[in-house]
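Trainee: Take a look at the following structure, please.
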Amino acid sequence: MDKLKCPSFFKCRGKEKVTASSENFHVGENDENQDRGNWSKKSDYLLSMVGYAVGLGNVWRFPYLTYNNGGGAFLIPYAIMLALAGLPLFFLECSLGQFASLGPVSVWRILPLFQGVGITMVLISIFVTIYYNVIIAYSLFYMFASFQSELPWKNCSVWADDNCSRSPIVTHCNVSTMMGDIIRVNKSWLSTHNLTCINGSEAYQPGQLPSEQYWNKVALQRSSGMDETGVIVWYLALCLLLAWLIVGAALFKGIKSSGKVVYFTAIFPYVVLLILLIRGATLEGASKGISYYIGAQSNFTKLREAEVWKDAATQIFYSLSVAWGGLVALSSYNKFNNNCFSDAIVVCLTNCLTSVFAGFAIFSILGHMAHISGKEVSQVVKSGFDLAFIAYPEALAQLPGGPFWSILFFFMLLTLGLDSQFASIETITTTIQDLFPKAMKKMRVPITLGCCLVLFLLGLVCVTQAGIYWVHLIDHFCAGWGILIAAILEIIGIIWIYGGNRFIEDIEMMIGAKRWIFWLWWRACWFVITPLLLIAILIWSLVKFHRPNYAKIPYPDWGVALGWCMIIFCIIWIPIMAVVKIIQAEGTIFQRIVSCCRPASNWGPYLERHRGERYKDMIDPKKETDHEIPTVSGSSKPE
């Protein structure tokens, strides 16, 4: 482009001149798709995908699963499940979004009967987005609390009670009275009368670590249960607001702005993990922690247990973020001929290797904590919230320069959470863009910020004194088998109904023709292995389903009922949309069902120059409402 003929504050398309304040400010002048826009660089997309896939679970769940399921032996079922379930689904979703340049709802023009599957994905993403930013708020609070000369949870302070102790607490013992009698008394009577226990008569119970009481009494101000909502914890509410402001600022121009932010948020966690690993490796007891994680404690007999294989499959499935709609949304902004196959391989391997790498950083520090406390590693290792906000902060408090290491750790959790959150919000805004393209072009910024504001307000219940119970409730119901149902229907719909061979032909239009042997593995997985594995995991999850509880506190009946209502609200759109599409179709009931199982007449590559002979008769995909209703004649495309 000649800058003398077209100043920098104009966008040029041939001889046409469009001002920079144009409605399409989120579309670059070099973008292939001038309606939706494309990633500015391939690296923007790859880092966004890595940031989406690599999240908090890689740090606080995978290391514990590895330790709990045989150490290094667990990597065998983990790698097998990656090949059989994770990678096939990941590749399928990346290809689907890139081929049609549509988000997770509109992409179901491929199979109108299953459009509810896309709605389910988006709704579950919305629920998870609400509580995920609360976890980011927790990280912000702990990061700010670490800016002190001494970490506030290093010692039992004014907020602690009598159970706060790093050593076991005497509950009962024998004492000698002034009359010479020996009686057995409890702890409170002992302290009231200022007496001393007779040696060897003490009964002990474990004390609560300062970090545990800080988490419950200060950070959460946790109530006695979900029934006791309490007040909004104001500093958590402010941290939640800050988290949403960061997300909104990163996404105000869509992928054009978030694609730049991820250069920091996706890469920085690796820098911190490396620093923590180097520091942890220099500490006493680090080798013991690592040996528990993946070395000498490897137990290959564990591989005979079905639970180990289920854990491997579940971890792969959720870690890669398949069936949430985000992979389809992010891939929809790729250029048509992008090599989505190599992208899928790179992102999946990066995600899995990150999980393994994070385990070394976590267990080296936990090994040191076990060493200085005189405990076994198994006694200090935790998972989930307990690892991130109790066990690891406790270990960091024992290190010289604890505040520095704590700031690093919680800033890492912040960045890990943010880039996953970016993709989740992009999933929502992409859906809105596909359904209301004109509104999104004119008002992308207010719509994006409006979404963030609404989700912030919905998340306020999660920063009350009962907030942690709400976070756990949504996670327990919405982030579980609802996603499995969506994934199973997705792969059955695309491979078995739309046609696996036809889908492979679509992929070859993007990445070029491949020899039949290349597709042999993918056919085996897509047609048989992957759906069977997902069905097995779903059945196992339903059989093993249990009422939620947090910190051994059971949920009230109304809380459990609310959890069921949330997940039913998400998945009920699958049959609802199927019925709607059948009613809108023409012909007898059988003809209507058959027509809804055929692609809509506007299904295919978004841009005309990519349609080739196979899709030459397809209707412009921008014409949505009049042509998305299937007819008896079905798609104009040949089978």
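The values are calculated or read from the model by the stated rules, or taken from the named source; none is laboratory data. A quick note: this is a predicted structure, and the numbers were derived from the prediction, not measured. FYI the Cβ positions are ideal-geometry reconstructions off the backbone, even for glycines, and counts take in every protein chain you see. Keep in mind that these areas ignore ligands, DNA and RNA; they rest on the heavy atoms of the full protein, side chains included. Shrake-Rupley method; radii C 1.70, N 1.55, O 1.52, S 1.80 Å.
Trainee: Which value, in debye to the nearest 20, describes the size of the charge dipole of the stretch 465-594 about its Cα centre when Lys and Arg Cβ atoms bear +1, Asp and Glu Cβ atoms bear -1, and nothing else is charged? Working shown, then result.
Mentor: Numbers: 9 positive and 7 negative charges, 52 e Å.
For this selection, approximately 260 debye.
Trainee: How much of the accessible area of the chain, in percent, comes from carbon and sulfur atoms when a 1.4 Å probe is used?
Mentor: Details: 16750 of 26300 Å².
Carbon and sulfur together cover 64 percent of it.
Trainee: In square angstrom, what is the accessible area per residue of the chain with a 1.4 angstrom probe?
Mentor: I get 41 Å² per residue for this part.
Trainee: Hey, another quick one. So between Glu613 and Glu376, what do we pick up on full extension, going 0.36 nm a residue minus the alpha carbon distance?
Mentor: So the chain would gain 78.7 nm between Glu613 and Glu376.
Trainee: Here is a further query. Taking only Cα atoms, what is the 0 to 90° angle, nearest 10, from helix 573-584's long axis to the longest principal axis of the chain?
Mentor: The angle comes out at about 20 degrees.
Trainee: Given R₀ = 25 Å, FRET efficiency for Asn199-Ser165 by Cβ-Cβ distance, to 0.05?
Mentor: 0.80
Trainee: With only alpha-carbon pairs counted, each pair once and no self-pairs, how large is the Kirkwood hydrodynamic radius of the stretch 219-268 in angstroms?
Mentor: Result for the stretch 219-268 stands at 13.3 Å.
Trainee: Which order do peptides 244-251, 93-100, 511-518, 222-229 fall in by mean Cβ count within 10 Å, highest first?
Mentor: On the way: 244-251: 20.8, 93-100: 26.4, 511-518: 10.4, 222-229: 16.0.
Answer by packing, highest mean first, reads 93-100, 244-251, 222-229, 511-518.
Trainee: Helix 402-435 versus the longest principal axis of the chain: what angle, 0 to 90°, nearest 10, using Cα atoms?
Mentor: 30
Trainee: Now for a different question. Report relative contact order for the chain in percent, whole number only (criteria: Cα-Cα under 8 Å, sequence separation at least 6).
Mentor: 28
Trainee: How large is the dipole of the stretch 47-178 about the Cα centre if only Lys and Arg carry +1 and Asp and Glu carry -1, each at its Cβ, rounded to the nearest 20 debye?
Mentor: For the stretch 47-178, the charge dipole is close to 220 debye.
Trainee: At a Förster radius of 45 Å, what calculated FRET efficiency corresponds to the Cβ-Cβ distance of Glu508 and Gln34, to the nearest 0.05?
Mentor: 0.95
Trainee: A follow-up question, please. Compute, for the stretch 551-609, the length of the dipole vector about the Cα centre, with Cβ point charges of +1 (Lys, Arg) and -1 (Asp, Glu) only. Units Debye, rounded to 20. Please list the in-between numbers first.
Mentor: Numbers: 5 positive and 3 negative charges, 27 e Å.
My answer is approximately 120 debye.
Trainee: Among Trp519, Leu209, Leu532, whose Cα lies farthest out toward the positive end of the dipole of the chain, if unit charges sit on the beta carbon of Lys, Arg (+1) and Asp, Glu (-1)?
Mentor: Highest projection toward the positive end goes to Trp519.
Trainee: Of the listed pairs Lys441/Lys514; Lys41/Lys514; Lys310/Lys335; Lys256/Lys622; Lys335/Lys442; Lys302/Lys382, which have alpha-carbon separations greater than 29 Å here?
Mentor: Checking Cα-Cα distances, Lys441/Lys514; Lys310/Lys335 exceed 29 Å.
Trainee: State log₁₀ I(q)/I(0) for the stretch 376-497 at q = 0.11, 0.14, 0.19, 0.20 Å⁻¹ as given by the Debye formula over alpha-carbon point scatterers of equal weight, solvent excluded.
Mentor: -0.65, -0.95, -1.24, -1.27
Trainee: List, largest first, the extents of the alpha carbons of the stretch 466-565 along their principal axes, each in whole Å.
Mentor: 57, 25, 22
Trainee: Now for a separate question. Report Rg/Rh for the stretch 492-619, rounded to two decimals, where Rg is the Cα radius of gyration and Rh the Kirkwood radius.
Mentor: Reported Rg/Rh, Kirkwood definition of Rh: 1.10.
Trainee: Using only the alpha carbons, work out the radius of gyration and Dmax of the chain in angstrom.
Mentor: Using the Cα atoms of the chain, the pair Rg, Dmax is 27.4, 107 Å.
Trainee: What full-extension length gain, to one decimal in nm, is calculated for Val454 and Val580 as 0.36 nm per residue of separation minus the Cα-Cα distance?
Mentor: This chain segment gains 42.5 nm when fully extended.
Trainee: Follow-up. Quick check on the chain: helices-only [θ] at 222 nm, where DSSP H runs of length 4 and up contribute -39,500 (n - 2.57) each and the sum goes over total residues. Nearest 500, please.
Mentor: Details: 27 runs with 353 residues, N = 639.
For the chain, the value works out to -17500 deg cm²/dmol.
Trainee: Going by Cα centres, the stretch 244-258 and the stretch 541-556 are how many Å apart?
Mentor: About 36 Å separates the Cα centre of the stretch 244-258 from the one of the stretch 541-556.
Trainee: Any chance you could give the angle, 0 to 90 degrees and rounded to 10, that helix 306-319 forms with the longest Cα principal axis of the chain?
Mentor: Rounded to the nearest ten degrees, it is 60.
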